[in-house]
1. If V101 satisfies all but one of (1) at pLDDT 80 or above; (2) loosely packed, with under 13 Cβ neighbours inside 10 Å; (3) of a type in the set (V, I, T), what's the number of the condition it fails?
2. Just to be sure, is N145 surrounded by fewer than 18 Cβ atoms within 10 Å (Cβ to Cβ), part of a loop (DSSP other than H, G, I, E, B) and free of Cβ contacts under 8 Å to residues at least 24 places away in the same chain?
3. If S35 satisfies every condition in (1) modelled with pLDDT under 70; (2) small (G, A, S); (3) closer than 18 Å to F196 by Cα but one, which is the exception?
4. Residue check: is F64 within 12 Å of N15 (Cα to Cα) and either open to solvent by 40 Å² or more (accessible area, probe 1.4 Å) or modelled with pLDDT under 80 (or both)?
5. Would you say L17 is modelled with pLDDT of 70 or more and open to solvent by 70 Å² or more (accessible area, probe 1.4 Å)?
6. Return a yes/no flag: does segment 164-187 have any residue that is β-branched (V, I, T), modelled with pLDDT of 80 or more and farther than 30 Å from S21 by Cα.
Amino acid sequence: MAVNKCIKYLLFFFNLLFWISGLIILGVSIYLKVSKDKNQITDEALPGIDLMIAIGVIIMVLGFLGCCGAIRENRCMLLLFFISLLIIFILLLAAGILAAVDEKKVSDWVKERLEKYLPLSDQPDNVKEDLEKLQKELKCCGLVNGQSDWVKVPESCRCNATESSCNAGTYYSTPCSEQIIKLMEKHMEVTLGIAFAIAILLIFGMVFAMILYCQIGRKDGATSANTA
């Protein structure tokens with residue numbers, strides 16, 4: 001029995017796009033990692049760039065395995081590709097469920113990571129500069145407890161009395177950790193949507209890989225029988 005060429009080349013092009021997307025994710029992530037505009041505080045609270053680099057590398061490896069397995073009709077590579085996609089699918093599903101169901105643990109985790117910077121006045125100048133930029137951008141003061149996180153409250157905490165987040169017309173009343181968590185929650189739906197789309201692609205990749213794997217097996221079995 002011959003291998004279906006349509007399935008074979010569909011899987012090849014699917015994995016070629018998969019590999020290219022991994023390359024793009026890796027390139028953008030490395031650029032952001034070395035960018036001068038990055039903020040040490042948000043890097044600590046949301047270590048997403050390192051995760052993106054890891055995801056980019058994994059996608060590139062999987063794309064390579066899938067491409068080689070499809071074009072060379074290599075059952076071993078196809079099986080490794082299928083198992084890897086299945087593991088990623090399960091992890092993605094578990095992460096999506098946990099993110100949607102247990103938001104409080106995520107916010108507690110963010111606060112725990114930021115507490116190590118307290119008291120803020122004892123931090124090096126570069127950390128304090130990053131925090132002051134964050135306070136201006138997010139209209140917040142301090143990291144976990146508000147202005148009490150500072151021994152001497154900086155000017156970046158000062159607010160306009162007409163702003164709702166202003167405390168008695170002097171300083172922002174909201175800690176920066178709460179603003180960061182609000183940003184996370186705001187983009188949670190988008191993240192879950194992207195994760196769902198990736199999960200659908202993974203299902204298609206697994207189906208194509210398994211169909212091709214079985215067809216190659218039947219072809220090899222038929223060839224061995226004819227030879228015997």
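The values are calculated or read from the model by the stated rules, or taken from the named source; none is laboratory data. This one's a predicted model, so the numbers in the text were calculated from it and none came from an experiment. Every residue, glycine among them, receives a Cβ derived from its backbone with ideal geometry; neighbour counts consider all protein chains shown. Accessible surface is based on the protein model in full, side chains and every heavy atom, while ligands, DNA and RNA are left aside. Shrake-Rupley method; radii C 1.70, N 1.55, O 1.52, S 1.80 Å.
1. Checking V101 against (1) at pLDDT 80 or above; (2) loosely packed, with under 13 Cβ neighbours inside 10 Å; (3) of a type in the set (V, I, T), the one that fails is (1).
2. The answer is no for N145.
3. All conditions pass for S35, except number (3).
4. Judged against the criteria, F64 is a match.
5. yes
6. Yes, the conditions are met somewhere in segment 164-187.
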